Amino acid sequence: MNVPHDTSATPAAPAAQLTVKSAEDMRELGRRLAGLLRPGDLVLLSGELGAGKTTMTRGLGEGLGVRGAVTSPTFVIARVHPPLGDGPALVHVDAYRLSGGLDEMEDLDLDVSLPESVIVVEWGDGKVEELSDDRLRVVIERAVGLDAPADDADDVRSVTVTGVGQRWADVDLTALG
């Protein structure tokens, strides 16, 4: 697992560009995204504090049908939500406080959980890409200059969903919109 993956030749699906106007819309996007996920999928969420990463993960948990309330795992680093039915478990990781890259992440044994779970890593950019050649990268940014009522402008987000690797090469991510 310490061998870096060469992603330069890894195919990627066209990215989906979405505008999300509320926290409930972010949860709904998570529920829709869950419909595309299967055991073994790695999802990297990035965005500033308060961007909506955990809110999206709540929707993923709802869509996957897992047990337990999905909350930020900032202080426990990783939380496992077992499936209520036949679907995969959700492993929710917050890598914000981890600075050791993959070496520190290896202590969490994510590579052991990956084949039978969906692993969602907040703040995972530059830390967990080596877990899999195939991953979904979700970037959440505060939308600036979009048409939104002044009262709601702080809730509007621009979300970019990009599939990396063969797993995502033929998946139409634009259907999320």
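FYI, it's all coordinate maths here, none of it is from the lab. This is a predicted model, so every value here is computed, not measured. Glycine gets a Cβ as well: all are built from the backbone with ideal geometry, and neighbour counts include every protein chain shown.
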TODO: Using label points projected 7 Å from each Cα along Cα→Cβ, tell me how many nm separate residue 15 and residue 172, to one decimal.
DONE: 2.1
Task: Per-bin percent of Cα-Cα distances, segment 30-86 [5 Å] - done: 4, 18, 28, 30, 15, 4, 1
Open item on the list: Quick check on packing: order 128-138, 22-32 by the mean number of other C-beta atoms within 10 Å, highest mean leading.
Closed with: 128-138, 22-32
